[in-house]
Structures are given as C-alpha cells and as structure tokens.
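The values are calculated or read from the model by the stated rules, or taken from the named source; none is laboratory data. Since this is a predicted model, take the numbers as computed values, not measurements. All Cβ positions, even for glycine, are placed from backbone atoms using ideal geometry, and neighbour counts span all protein chains on display.
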Amino acid sequence: MTLFSNIILSHSKIDFLFLWSLRALALSAGGLLLLVIVFLFHESWPYLTQIGLANVFTDHGWFPTEQSYQLTPMISGTILAACGSIFLAAPLGILSALFCHFYAPPFLSYWYRRMIELLAGIPSVVFGFWGLVVLVPVIAAWHPPGPSLLAGILILTLMILPTIMLIAHASIRQLPTIYIQSATALGLSQWATIWHIVLPTSRIGLLTGIFLGLARALGETMAILMVCGNVVQHPSHIFDPIRTLTANIALEMAYAVDHHRSVLFISGLLLMGLVIAFVSLAEILRYKTTYALTQ
Amino acid sequence: MRLLSKTIRETGATLLVWGTATSITIPFLWLIGDLLWHGWPQLSLNFVLALPHNAGREGGIGPILVSTGLIVSVCMVVALPIGLGTALFLSEYTRNNHMYGRLIRGSLDVLAGVPSIVFGLFGNAFFCQTLGLGFSILSGGLTLACMVLPILIRTVEESFRAISQDQRLSAAALGISKRATILLILFPAAIPGLLVGCILGLGRAMAETAALIFTSGYVDRMPESLMDSGRALSIHIYDLAMNVAGGNPNAYTTALVLVGLLLTINLFASWIADKWTTLNQLPT
Amino acid sequence: MDYAESTPDIRQAQDHSPAIQSWPPYQSTQLCCEPTAHIRAKNLSIAYHKHSVLQNVDLEINKGCITALVGPSGCGKTSFLMSINRLTDLIPTCRVSGQLHMNEVDILAPTTNLLLLRRQIGMIFQKPTVFPFTIKKNLEIPLREHGIHPKTSLASTIETALQQVGLWDEVKDRLNHPAQALSGGQQQRLCLARALVLAPQILLLDEPCSALDPISSGVVEDLIVSLRGQYSVVIVTHNLAQARRISDHVALFWSVDGVGQLIETGSAQHMFESPQHELTAAYISGARG
C-alpha cells in the first residue's frame, strides 16, 4: 500500500513538473509581446521624454540632420497605400472566393485555390522585385515617374488578396449546405442566393479577412520600399512617389543614432498600435462567429 | 421585363466573377513567367554553389544559401520547443475560458499581426544591442523565432485539438496520467500536424526580409560561426535590385531559387496535410 | 401588377406566354385525389459518381393527393424527391436519367427554367432550414426574388402565409426577431410558410417531422393534412404510422443489392391492408426494414 501510494506520488510529481515547464514555456511565448512593447518604448523613450510625441506631428519636415522629424507624410503614405489596396483587394478577394465556391468547375476551382495559396507564399521581396522591374516601368510609360502610390497599391493588392480570399472562402465553405439547398429549392437564382443568403450570413468571416488584410498592408515593408519611390511628401495624386512608415524604418535604421533612432522606434510603435487595433477587431469578429455557430 | 433584368443581373454577376478570376490569374502568371524567363537560363549547380563576386553581379549564392540555412535553423531550434510546449499547454491544460490561456492566446494573436519590420526593430534593440550579439546570424535567427512562434503555436495547437476527445477519455479510463497520455498517445497522433506547423514556420522565416535587414546584416561572405553576420536570400534579392546597378539578372535567379524552395516547402506541407486527413478519414 | 406576368412559361426563360399556373394559390374545388397525374416518372434512374442509387422508377403522383414515400434508409427516396425539383443539379457527380414530367413540362430537359420550376415546387427539409435572419426577412427574400412584392400587400401576404401555417398568432409581435430563436416546430412551420408564399403546386417534404418533438410533429402533421386538395404533396417518412394517418397513396422503395427500387405503389388502403408484394407486407407488419 505504501509502495503504491509512493508510485502515485512520484507520478504526480513528474506530472507537476511537466505542467510547470509547459506553463513556463507558455509564459515565455505570451510574454514575448510584452517584451517587444517594452523594448520599443525603451528605445523611443529619449525622444518621448526630451522632446515629446507631439513634435513628430508638428515639425517642419523630415530632416534628420537638422533634428526635424515630422512623420505625418509617412503616416499619410502608409494609410493611403493600405486603404487603396484594401479597396481593390476586398472585392477581388471576395469575388475570387465566390468564383471558387459557386462558379468554377471543380478542377478549375481546385487549381485556382492552389494558385492563390501559392501567391500567398511568395515572399514580399519577390513581389517588390517584380514590381520594380516590370510594373514600375509600365506605370512610368503611362504616366512618369513610375515609382508611385499607384505601384504600391497594385503590389499590395496582389499581396493581401490571398489573405482575404482564403479567409472568405473558408467562411463561405463553413456555411451549412442546407442554406444553399433551401435557397435553391425556393427558386432563388445563383446571384440571389449569394446576395441574400451567402454574403449576409458569412459577413463576419469576410470582415475578418478584410481586417487581417488591412493589418498586413499596413505592416508591409519590402515590396512598398521597392516600388513606391520613397520620397517624403504628401502625395497630391496617385502617380506621386510616397514613403511609408515601414519603408522609412528600413531605409534609415542602418545609420540612425540618438533621436533619429528614437523616432524610428516611435514609428514602429505607431505601426504596432494600428496593427493591434485591426487584429483585435478581427479577433473580436472571429470570436463572435464561433459564438454564433455554437449557438 | 423583370425576367429580362434578372437575366441581365445573373449574366453580369457571372461575367464579373469570371473577369475577377482572370484578372488575378494574369499578373500571377506574369510574375511566375517573368521569374522563369529571366532566371532559368542562369540557374545551374555552379550558381547555387559559387561565391558571389563584384557585389553579387557575378558568381553565385553559395554563402548566402549557407547563411539562410543557418538563420532558419537557429530560428527553428529555438522556436520549436517553446512553440510545442505552449501549444500543448494551451490545448491540453486550458479551457477556452481559462484566464491565463486566454491572455496567452490573445497576445499570440496580436504577435501574429505585428509587422516584420517591428520585429526587426525589436531584434536590433534586444538581441543585437542589449544582449550584445551584434549583427549576427544568431540575432537574425532569434528575431525570426519570435516572428514564427505565433503561426507555429497555432498550427500545432490545432493539430492537438483535432485529436478526438475519446482518446483522452479512454486513456484516463485506463488510469494513464495526463503527462503520459500527452507524451504516449496524443503526441504521436499529432506528429503530422506538428510537421506541417514546422514547415509553414520555416517557409515564413525563409521568406522574411524586413526583420533581417538590421539584425543579421548584409555581409555576403561564407559565415564561419553563428556570431558572424550573414546575408539571407531575400536580402540578397533586395540588395541586388535596389543597391547594385546591373544586379537584376542574378536577382532574378536568386528570386527563382527562393520561390522554388518555398514552393517545395509548401507542397511538402500540403502533401503531409492531405495524407494526414485521408489517414484520419479511414474507417476505424 | 398582374400576377400572371410574374409567372411566365416554365419551359422557356424569355417567353412571355400566358402562365401555366397563376398566382394566387390554386384552390381546388374538386375532390382531392383526382386521378390525374401531376408528376410522372418513367424509367427514372439516379446515379452518384456512376454508382446507381435508384433504378427504373415508374411512379405517378396524383394531383391534390398526399403521396408518402416509405422504405428503409438509403433506398433513394430523398434522391427521388430532389430530382423532382432538380436539386440534384447541386450535386456535381449526380446524374438523373429517364423521364420526369410535371403536367406536360419535361423537368429533366436542359432548357427547363429551373427558377420557375422550383418556384412551383416547394420543398421542406428534414431539419428546419430557416435562414439566420429575421422571421420577416425569411419570407421576404423569396417573394422579392420572384418579383411578387406588390408593395402595399407585402405585409398582408406575409400575414396570410403565416396564418396558413398557424404561426401568425405566435410570432406577429416579433416579426423582426431572428428566426433561429423560434422552436424547432415553429421553424419548420416557418419553412413551410416560406414555401407556400410562392404559391407552389407541389410540395416535397423530406421527413419534415423527424427532427421535431412529438407535439410539434403533431402540429406540422395536421398542417400537412390541411394542405390536401390544394397542393400535391410528396412526403418521405420513416414513420409508418404517420404514413397511414395522412397519406392517400403510398410508394414503397427498397434497396435491392445496394440499388434503390420502387417495389410497390398504390392507395394507402391497398398498401396497408392488402399489399401484393411480400416485401411490402413484411415492411408494413414491421418484420423487415
């Protein structure tokens, strides 16, 4: 009896250790976010305390050598590029998902999906490279100079479209087939079924995809850096070159010191804040869907 | 009249949907075709093995492949145990409404959305400066590990959750401890999912550029240790395209190699996933 | 608006010739169970993925009658039902061959206007399939899509349909509440109302009571009985007692060597009291199936 309880005890001891090591690992993974935020703050601290956050909006321009760090042109560039691409990519992605699920014959649907998955796997630097050597000259021939907001929007569209399409497709596939069947049995045409039944019932999934796509567009660096021209300015039209927050970091981080470096970390914090907002929105929506489905 | 407008609407919708599909397929084929057209002629074993010369305009990508391999290995060696442990904890020891579990899951979701350039900033501040690792393969690998952790954990957790609850119950009914159940019963069953997670993480790490620019550096020599700076494939493409005049031909070929590698990796992952689902669907 | 305009000939999409059947609902003044066939299946076979599930079915469904399809699971009853409104088209690998007519309309012809066909043939599924919208919207969507929305009478049309299924008093104060909040039986009756609002001639019911509790099941059953004479009802059921209670005609399907076949058909009285085929006798008595 003693022996038996000893075995139980030693077993539970190992189990205990096992559980606690898992807890520790999980804590390190979960704590990573905190660590990232702490270090971003730590590096931006000198500028935040000595000069103040407001100055990145009120300075006269982006002249690091003259201690003038205005981020607003970069912020406008980032937002314009991201919003422009989402306006293109959201309808295209959702229509693509509809194509796969309702319109394409099975073999085409399979290969189309495969193609989109492949597109999702192409690294951003390759998109940027293709944009630089193919797309930018095409735009330049149409309306110089070429590297522009438009080029950035088009490349970003290609890059975030797979995210939107794959999530939209997944949520459309999750719809009970009986909805489609009973809509068809009521004599609803294909588009009527899509418009009245499919899109409204899967709207949360579609929105989730759009928010995640937007988050990706905001954070994208390499492709934007390679096709947008990187001129610090508020663009007056779509053919103007722009510089985004991300591109700014990538371009200047290598030689930035002191306040210059601090400001770059502040722009990192700004990006992170934007992205966190959109990811949280997407997660709330996703939570709502699972909740609605289990109901 | 109504019937006519309905027909117009249906035809319009069909045209729109097919038009969308075509308009997405064209740039895709253009991109792949362009890479193959310009990259393929120069692709050879020599290109893959040789040292780069003249800032990369000539020669090959030997050291760059080695650096990429090392960075990715560091990343996986670090991310795998943490990812596995966290995934196990989340799937086996927390319920969905568990406070601690929800916090971790939430922070991982946010982490998954953090732009890679921000990871680069963090890596530069933490690994390169605070820990004093400098611009090195180790810094780059560690930064990437932080980046792939969320995707790794999510895939692995899902593969643990996909295991039928019956297996846990019957193990418990046999008096097997939770730890033994996990290690002896759940772990083997989740191996394919684990593999898929690893491969996807690997792919993401290999495709990454922005996080590496100021953590692992630009040096294109053959690395001698993990503390050396090393240039990854993606950075090589970026550098050739943006900073080296006349670097495009080799950039094309490098891009082709990178896309080829990623494609192989993804195909392998989906092959495992397919095989796994068909295995699971066998009648028991 | 003229109702006839919204129901053009089913055989050709572009044709504006007079309607086969006009709206509002077809009110039969004749006795139920006229001996005229409303649906005729001849030599009908259905195969999924080249695997035959139903073979050589010859069956006539009479106008205004309730016809029950009975038989064990997997003998092709549901497939037969789904071929009548061509819902089988939604299953990529499904092939239907043979002849199937509704009155003079060839259902299986590739030129048949499916939307109009399905408007005239309503269908109810095993589980209630309300859309995840409000009660009102569930009824509005089919009405609007078929262009039956005389703006002034939309509300009254909805009210009539809900009254027809005895749901009006239960839901009139919460038409804008989600339909999924209704009980199973209420949802099923809403589905029925959604089908009836299109004024179909034929109703296909695929085990409409099997997912409901006994009380709701009774309500829905009474409702089906009340439809006799106005609609031709085809009901698949596993519940022999139910078939005996409500049906005028019974058709027994059976799976022979994995392929569904029509074994025997006849009036309910004939089938339950003097079946000819030994399988029917065995099934009716509970010895088989």
Q | Residue under evaluation A:Leu186, criteria (1) within 9 Å of another protein chain (Cβ to nearest Cβ); (2) closer than 25 Å to C:Arg144 by Cα; (3) out of contact with any Pro (no Cβ under 8 Å at 6 or more places or on another chain), criterion not met | A | (3)
Q) Residues that are free of Cβ contacts under 8 Å to residues at least 60 places away in the same chain and under 26 Å from C:Ser216 (Cα atoms): which helices (runs of 4 or more DSSP H) entirely in the range C:71-182 hold 3 or more of them? A) C:135-145, C:154-164, C:168-171
Q: Those residues that are within 11 Å of another protein chain (Cβ to nearest Cβ) and within 21 Å of the chain's Cα centre (by Cα), I need them from the range C:149-195; list them, please.
A: C:Cys191, C:Arg194, C:Ala195
Q: Could you tell me whether any residue of the range B:227-236 is over 14 Å from A:Val125 (Cβ atoms) and of a type in the set (D, E, K, R)?
A: yes
Q | In the range C:225-246, the residues that are among the hydrophobic types (A, V, I, L, M, F, W, C) and in contact with a Leu (Cβ under 7 Å, 6 or more places away or on another chain) | A | C:Leu227, C:Val233, C:Val234, C:Ile235, C:Val236
Q: Output the number of residues of the range B:249-272 satisfying the condition of being more than 9 Å from chain A (Cβ to nearest Cβ) and either in contact with an Asp or Glu (Cβ under 9 Å, 6 or more places away or on another chain) or not in a helix (DSSP H, G or I) (or both).
A: 1
Q: Output the residues belonging to the range B:1-14 that are surrounded by 14 or more Cβ atoms within 10 Å (Cβ to Cβ) and more than 7 Å from chain A (Cβ to nearest Cβ).
A: B:Leu3
Q) Is one or more of the residues making up the range B:246-267 touching a Lys or Arg at 6+ places or on another chain (Cβ under 9 Å), small (Gly, Ala, Ser) and within 23 Å of A:Glu220 (Cβ to Cβ)? A) yes
Q | Matching residues, the range C:75-120, being basic (Lys, Arg), more than 14 Å from chain A (Cβ to nearest Cβ) and either within 12 Å of the chain's Cα centre (by Cα) or closer than 27 Å to C:Gln230 by Cβ (or both) | A | C:Lys77
Q. Among the helices (runs of 4 or more DSSP H) contained in the range A:166-260, which hold 3 or more residues that are touching a residue at least 40 places away in the same chain (Cβ under 8 Å) and buried (at least 19 other Cβ atoms within 10 Å of the Cβ)?
A. A:203-219, A:222-227, A:245-252
Q: Filter the range C:128-148 down to residues that are within 14 Å of C:Leu192 (Cβ to Cβ) and within 9 Å of chain A (Cβ to nearest Cβ), then give me how many there are.
A: 3
Q) Taking the range A:278-295 as the region of interest, how many residues are at pLDDT 80 or above and more than 10 Å from chain B (Cβ to nearest Cβ)? A) 2
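Residues to consider are C:Ser17, C:Ser83; find the one that is in contact with a Pro (Cβ under 8 Å, 6 or more places away or on another chain) and either loosely packed, with under 15 Cβ neighbours inside 10 Å or at pLDDT 70 or above (or both).
Going through C:Ser17, C:Ser83 in turn, just one is in contact with a Pro (Cβ under 8 Å, 6 or more places away or on another chain) and either loosely packed, with under 15 Cβ neighbours inside 10 Å or at pLDDT 70 or above (or both): C:Ser17.
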Q: Kindly indicate whether any position in the range B:15-36 is β-branched (Val, Ile, Thr), at pLDDT 85 or above, under 18 Å from B:Ser234 (Cβ atoms) and surrounded by fewer than 22 Cβ atoms within 10 Å (Cβ to Cβ).
A: yes
Q) Looking at (1) crowded, with 23+ Cβ neighbours inside 10 Å; (2) over 25 Å from C:Leu69 (Cβ atoms), can you tell me which one C:Pro132 breaks? A) (1)
Q) Regarding B:Ser44, is this residue farther than 30 Å from B:Ile163 by Cα and out of contact with any strand residue (DSSP E or B) (no Cβ under 6 Å at 6 or more places or on another chain)? A) yes
Q: Among the residues of the range B:62-121, write down those that are polar (S, T, N, Q), out of contact with any Leu (no Cβ under 8 Å at 6 or more places or on another chain) and closer than 30 Å to A:Met253 by Cβ.
A: B:Ser67, B:Ser73, B:Ser116
**Q.** Failed item in (1) under 26 Å from the mean Cα position of the chain (by Cα); (2) more than 24 Å from B:Ile137 (Cα to Cα), with B:Val48 passing the rest
**A.** (2)
Q) Is there a residue in the range C:227-236 that is surrounded by 24 or more Cβ atoms within 10 Å (Cβ to Cβ) and touching a helix residue (DSSP H, G or I) at 6+ places or on another chain (Cβ under 6 Å)? A) no
Q. Taking the range B:91-106, which residues are buried (at least 21 other Cβ atoms within 10 Å of the Cβ) and at the interface with chain A (Cβ under 7 Å from one of its Cβ atoms)?
A. B:Ile104
Q. For B:Arg221, are the conditions met, namely being more than 12 Å from every other protein chain (Cβ to nearest Cβ), touching a helix residue (DSSP H, G or I) at 6+ places or on another chain (Cβ under 7 Å), crowded, with 23+ Cβ neighbours inside 10 Å and basic (Lys, Arg)?
A. no
Q.
If I ask for residues that are aromatic (Phe, Trp, Tyr) and exposed (fewer than 14 other Cβ atoms within 10 Å of the Cβ), which ones from the range A:61-113 would you list?
A. A:Phe63, A:Phe87, A:Phe107, A:Tyr110, A:Trp111
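Residues are listed down the side, and each one gets a yes or a no for (1) over 30 Å from C:Glu145 (Cβ atoms); (2) in contact with a Pro (Cβ under 6 Å, 6 or more places away or on another chain); (3) part of a helix (DSSP H, G or I); (4) at the interface with chain A (Cβ under 8 Å from one of its Cβ atoms):
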site: B:Leu16; (1), (2), (3), (4): no, no, yes, yes
site: B:Gly19; (1), (2), (3), (4): no, no, yes, no
site: B:Thr25; (1), (2), (3), (4): yes, no, yes, yes
site: B:Leu31; (1), (2), (3), (4): yes, no, yes, yes
site: B:Asp34; (1), (2), (3), (4): yes, no, yes, yes
site: B:Trp40; (1), (2), (3), (4): yes, no, yes, no
site: B:Ala55; (1), (2), (3), (4): yes, no, yes, no
site: B:Ser67; (1), (2), (3), (4): yes, yes, yes, no
site: B:Leu80; (1), (2), (3), (4): yes, no, yes, no
Q: Please go through the range A:135-163 and pick out each residue that is more than 16 Å from A:Met222 (Cα to Cα) and either over 21 Å from the mean Cα position of the chain (by Cα) or at the interface with chain B (Cβ under 8 Å from one of its Cβ atoms) (or both).
A: A:Pro137, A:Val138, A:Ile139, A:Ala140, A:Ala141, A:Trp142, A:His143, A:Pro144, A:Pro145, A:Gly146, A:Leu161
Q | Meets criteria (at pLDDT below 90, within 30 Å of A:Gln174 (Cβ to Cβ) and within 20 Å of the chain's Cα centre (by Cα)) for A:Leu218 | A | no
